[in-house]
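Beneath this line is the structure, given in structure tokens, with notes to follow.
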Amino acid sequence: MRLVILFAIISISLVKSSPVSLGDEFHLPSVADIESHVDKLWTNFKKGYNVVYNTSVEELHRFNIFVKHVKMIVQHNIEHDLGLHTYRLGYNVVYNTSVEELHRFNIFVKHVKMIVQHNIEHDLGLHTYRLGINKFATLTNAEFREQFNGYKRSKQSNQLYSEFRRPHVPASPYVALPVSVDWRDQGIVTPVKDQGQCGSCWAFSSTGALEGHHARATGKLVSLSEQQLVDCSTNWGNNGCNGGLMDNAFKYVHDNKGIDDEKTYPYVGKDEAACKFRRKSVATTCDGFVDIPTGNETALQEALALQGPVSVAIDAGQSSFQFYVSEKDISRVYSDPQCSSEELDHGVLAVGYGIANDPVKGQQEYYIVKNSWSASWGDKGYIKMARNKNNMCGISTAASYPIVKDKSFYENELL
């Protein structure tokens, strides 16, 4: 019999979503309201998970457990709205055994304690960002890194495809770079995607860069197929859901003479048995790529300002990164001294940079980074990462961007 532990996805709407005062307008939900809401939740739970109990006694027992969890969630969220907690509860996770449930609950509690401690330190001015509960709350850090961080860098990575790699050309000293850049404002960044439990971050970073540079070259923003890279680029050194490199992906797209659009070759989040590439559905090609000089943040800024989005590899294995969250629509700048500039495990997409005025730390330079863990993570799927702070998390250690042909090529040759 599967057991349920309720943490954070079923939306509890019995209390107000914004902080409340104890004036005449504040009323706790009535018993009848709670009973009615619980009945609806119970019905939806059984229907959604196709749960059937062998006896009415067993169903009553499970219902009582369900009610206990719902009451706990309602009480917690009332206290949240009174300012007693920094996070809300609401989604359900189903486990096969009570042993597994207890194990996951202990992990959850450990993370909650860590998050509360971090946020207290934030309020004391010790951190520039806050943390919050998200869908990774019941995973150990090792499980999280294994399932979601798939960048596989080797010592030979920087020597790959020397004949295909184009040199980085520093910007002219007479060119003044803008103070801030955000390629989302130019309409060349697709919506945040979700890699699921597949170590394909490298594929999403690659398509994100190709999408942006294709849009700059042609004026058309097209969502590209991560699944094609997962399925078809094994011979170029990638390993599907078990990891890969963005430069390998760029080389594959070049040699393959194109990559399909996402609509034609949709993402399924797992390794498929065969490559399903369709040449008639090619949406863009790759004519080469430029590797940013290792550790050179000035060169990374130049590329972002003058070229477009840049694929970057980072150390995303810290718990602070795992639970990064925006605060009241303000995305604080992420910085963690435990982050490595060499042990990189996650491919993401830098889409801009800027300067934030932190109320405690003052001016904070940052990169705007698009992740692939869905829009529910971080700041609607994005994170602001510290810039010019000793190559924080290795953001300029293995950065690159593709070269995409201009509009005339697609009009006259490819399409």
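Projecting the Cα atoms of V404, N238, F148 onto the charge dipole of segment 146-414 (Cβ charges, centred on the Cα centre) puts V404 farthest toward the positive pole.
Compared with the direct C-alpha span, the chain from N242 to S340 gains 33.2 nm at full extension, assuming 0.36 nm per residue. The stretch between T294 and D255 holds 11.5 nm of extra length on full extension. This uses 0.36 nm per residue minus the Cα-Cα distance.
By the beta-carbon count within 10 Å of each Cβ, the least crowded to most crowded order of W377, W183, fewest first, is W183, W377.
Multiplying the residue separation of E327 and T140 by 0.36 nm and removing their Cα-Cα distance gives an extension gain of 64.9 nm. If you plug the beta carbon distance of T264 and T234 into 1/(1 + (r/R0)^6) with R0 = 22 Å, you get a FRET efficiency near 0.60.
Given K113/K384; K280/K380; K46/K110, which pairs have Cα atoms separated by over 32 Å? Too far apart for the 32 Å limit: K280/K380. Rounded to the nearest 20 debye, the dipole magnitude of segment 146-414 is 340 debye, with +1 charges on Lys and Arg beta carbons, -1 on Asp and Glu beta carbons, and the Cα centre as origin. Counting beta carbons within 10 Å around each of K152, K110 and listing the fewest first gives the order K110, K152. Extending 7 Å from Cα along the Cβ direction at N64 and again at T43 yields two label points whose distance is 2.4 nm.
Sorted from fewest to most neighbouring beta carbons within 10 Å, what does the list Y267, Y324 look like? Ascending Cβ contact count within 10 Å gives the list Y267, Y324.
Just so you know, all these numbers are worked out from the coordinates, no wet-lab data involved. All of these numbers come straight from a predicted model, not from anything done at the bench. Cβ coordinates were reconstructed from backbone atoms using ideal geometry, including for glycine residues, and neighbour counts include every protein chain displayed.
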